[in-house]
Amino acid sequence: MKFYFPDSQDLVSPTYDFLNDEYLPTRVRQRDDVYAHEVVTPSPYDGVLVSKAIVDGSVKGAGKYAAPQRARLYRLGVRKFFRLPPETVSLGDCGAFNYADEEYPPYSVDEVLDFYDECGFDSGISIDHVIFGYLPEAGEDDVDPAWVKRRRISLDLAEKFLAAVEARESPVEPVGAAQGWSPASYVDSVAHLQEMGYRRIALGGMVPLKTHEILACLEQIFVILRSDTQLHLLGITRVESMERFAELGVTSFDSTSAFRQSFMDDRNNYHTADGAYTAVRVPQVDGNPALKRSILSGAVSQRDAVLAERECLSALRGYDQGAVDIEDVMAALAAYETLVLGDNQAKKKSYLVQYRRTLEACPWKTCPCALCKEHGIEIAIFRGTERNKRRGFHNLTVLEAKMRKVVT
């Protein structure tokens, strides 16, 4: 079972100054910053997935690459650009979620294959058009005609993509994209892709599905699956079901869920083998909109806010070193949280109970990953991209360990 991490240009600076929250003045992001596979050993993923929409920005709001970065990727190729270890593979796709509102995918088959070829991907997924909906018993006559059209578009483009790969004698391994709204429609898509000649198939549009719905599709697909056909789950993790996924022909998957939970989830920010903890929020005074409004209105003194922020960080670091009592840390956190919430205290939730649980457990002290060993409690502080992304990288190591434990 291979895990691919979808790229969105998530890097951290190895020289970031946590005490002063500063970068070196000589820092150049693309040159000096590092990816997860460069700071964690072994790499927390088997491959990277890179979307054309993210790189080219050809879909409104999707681009994450500045023009120099994009040019550099095309010039160097995906392996050198990401500084990938020899054993780490690459998978390209179109980023169907980014153009889901369009009536037809915005790329031609040649444009997509040019992207895969020029960047030197190991594998590339055919153009697909995502279907948002699940009706397990519905046939084509019972669903939105747009769903039927999108599935047919995906199959048509998959056939043309495979023909283009063969005509060019491209070294890219072709991966056919299957869309559907029910077990039967997914089965039909996979059957057609196998007939075309695909021996690796990516199942798309399943992110909103519940685990039992995904399993229902896989169980029916498995009936017609050739012994030499491999399945990839697009955007799906579900570690608790990974062993069953593997039994049903799944050999790879991709997901940003574990990474994004480090800074997007309300509570489950720091993952462990047995569960998750809430990261301790100590927002920067200058970076918190609500606190800035309170300061500008005169409701909060900027001096008091800065002092409370510094007191929190000092207390947390002292606690990590065994020099400060947990009650003193909690008092500092409570005082700063009151300032941050301001007039919204009645409307917004307090995290103090979750903070105490995190601090009492100190999960970073027993974590074997290199990031926790190097940064200690900083990894559990919710504050700015450098800490938050490192915590995301830590979460990837936990996911990798869980996956290896479940699927051997």
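Here HIS375 passes the criteria (1) open to solvent by 20 Å² or more (accessible area, probe 1.4 Å); (2) in a helix (DSSP H, G or I); (3) modelled with pLDDT of 95 or more; (4) out of contact with any Phe, Trp or Tyr (no Cβ under 9 Å at 6 or more places or on another chain) except the one numbered (4). The residue that is most open to solvent (accessible area, probe 1.4 Å), among those in segment 299-312 that are more than 21 Å from ASP328 (Cβ to Cβ) and part of a helix (DSSP H, G or I), is ARG303. The number of residues in segment 40-70 that are open to solvent by 10 Å² or more (accessible area, probe 1.4 Å), assigned to a helix (DSSP H, G or I) and either at positive phi or at pLDDT below 95 (or both) comes to 6. Within segment 189-199, the set of residues being within 16 Å of LEU157 (Cβ to Cβ) and of a type in the set (D, E, K, R) comprises GLU195 only.
In segment 178-202, what count of residues is obtained for those that are more than 12 Å from THR229 (Cβ to Cβ) and outside any loop (DSSP other than H, G, I, E, B)? It would help to see each step written out before you state the result.
Taking segment 178-202 first, the residues more than 12 Å from THR229 (Cβ to Cβ) are 179-189, 192.
Now narrow it down to the ones that are outside any loop (DSSP other than H, G, I, E, B): 183-189, 192.
Going through segment 178-202 one residue at a time, the tally reaches 8.
Evaluating VAL175 against the criteria (1) part of a helix (DSSP H, G or I); (2) over 18 Å from the mean Cα position of the chain (by Cα) leaves one unmet condition, (1). Read through the list (1) buried (at least 19 other Cβ atoms within 10 Å of the Cβ); (2) β-branched (Val, Ile, Thr); (3) over 30 Å from THR15 (Cα atoms); (4) in contact (Cβ under 8 Å) with a residue 24 or more places away in the chain, then give the number of the only condition that VAL398 fails. Checking VAL398 against (1) buried (at least 19 other Cβ atoms within 10 Å of the Cβ); (2) β-branched (Val, Ile, Thr); (3) over 30 Å from THR15 (Cα atoms); (4) in contact (Cβ under 8 Å) with a residue 24 or more places away in the chain, the one that fails is (3).
Within this structure, GLY205 passes the test of being of a type in the set (Gly, Ala, Ser), in contact (Cβ under 8 Å) with a residue 12 or more places away in the chain and under 27 Å from ASP7 (Cβ atoms). Of all the residues in segment 319-344, those that are of a type in the set (S, T, N, Q) and outside any helix (DSSP H, G or I) number 1. Pairs linking a residue in segment 136-150 that is within 15 Å of VAL187 (Cβ to Cβ) to a residue that is of a type in the set (S, T, N, Q) and surrounded by 13 or more Cβ atoms within 10 Å (Cβ to Cβ), with Cβ atoms under 6 Å and 6 or more positions apart or on different chains, are PRO136/SER182; ALA138/SER182. Scanning segment 193-227 for residues that are open to solvent by 30 Å² or more (accessible area, probe 1.4 Å), under 19 Å from LEU162 (Cβ atoms) and within 27 Å of the chain's Cα centre (by Cα) turns up just one, ARG199.
In segment 313-328, of all residues being of a type outside the set (Gly, Ala, Ser) and closer than 21 Å to ASN20 by Cβ, the one that is surrounded by the most Cβ atoms within 10 Å (Cβ to Cβ) corresponds to LEU316.
Among the candidates ALA279, ALA273, the residue that is among the hydrophobic types (A, V, I, L, M, F, W, C), open to solvent by less than 20 Å² (accessible area, probe 1.4 Å) and under 30 Å from VAL353 (Cβ atoms) is uniquely ALA279.
For segment 133-161, the set of residues classified as surrounded by fewer than 19 Cβ atoms within 10 Å (Cβ to Cβ) and touching a Pro at 6+ places or on another chain (Cβ under 8 Å) consists of PRO136, ILE153, listed by residue number. If you go through segment 1-34 and pick out every residue that is open to solvent by 50 Å² or more (accessible area, probe 1.4 Å) and assigned to a loop (DSSP other than H, G, I, E, B), you end up with 10.
Let's see how each residue does on (1) open to solvent by 10 Å² or more (accessible area, probe 1.4 Å); (2) within 19 Å of PHE161 (Cβ to Cβ); (3) polar (S, T, N, Q); (4) in a loop (DSSP other than H, G, I, E, B):
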| position | (1), (2), (3), (4) |
| --- | --- |
| TYR74 | yes, no, no, no |
| ARG83 | yes, no, no, yes |
| GLU87 | yes, no, no, yes |
| GLY92 | no, yes, no, no |
| ASN98 | yes, yes, yes, no |
| ASP101 | yes, no, no, yes |
| ASP110 | yes, yes, no, no |
| LEU113 | no, yes, no, no |
| ASP117 | yes, yes, no, no |
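Restricting attention to segment 167-192 and to residues that are over 27 Å from GLU213 (Cα atoms) and out of contact with any Leu (no Cβ under 8 Å at 6 or more places or on another chain), the residue that is least open to solvent (accessible area, probe 1.4 Å) turns out to be GLU173. Of the residues making up segment 340-366, those that are open to solvent by less than 20 Å² (accessible area, probe 1.4 Å) and either of a type in the set (Phe, Trp, Tyr) or under 17 Å from ALA258 (Cβ atoms) (or both) are TYR355, PRO363, TRP364.
Restricting the first member to segment 241-257 and to residues that are open to solvent by less than 20 Å² (accessible area, probe 1.4 Å), and the second to residues that are assigned to a loop (DSSP other than H, G, I, E, B), the beta-carbon pairs closer than 6 Å and six or more apart or on different chains are MET242/VAL407; GLY249/LEU225; PHE253/ILE236; SER255/GLY235; SER255/THR237. Taken together, ARG383, ARG391 contain a single residue that is in contact with a helix residue (DSSP H, G or I) (Cβ under 6 Å, 6 or more places away or on another chain) and among the basic types (Lys, Arg), which is ARG391.
The values are calculated or read from the model by the stated rules, or taken from the named source; none is laboratory data. No experiment lies behind these values; they were computed from the predicted model shown. Virtual Cβ from ideal backbone geometry, glycine too; neighbours counted across all protein chains shown. Accessible surface is based on the protein model in full, side chains and every heavy atom, while ligands, DNA and RNA are left aside. Shrake-Rupley method; radii C 1.70, N 1.55, O 1.52, S 1.80 Å.
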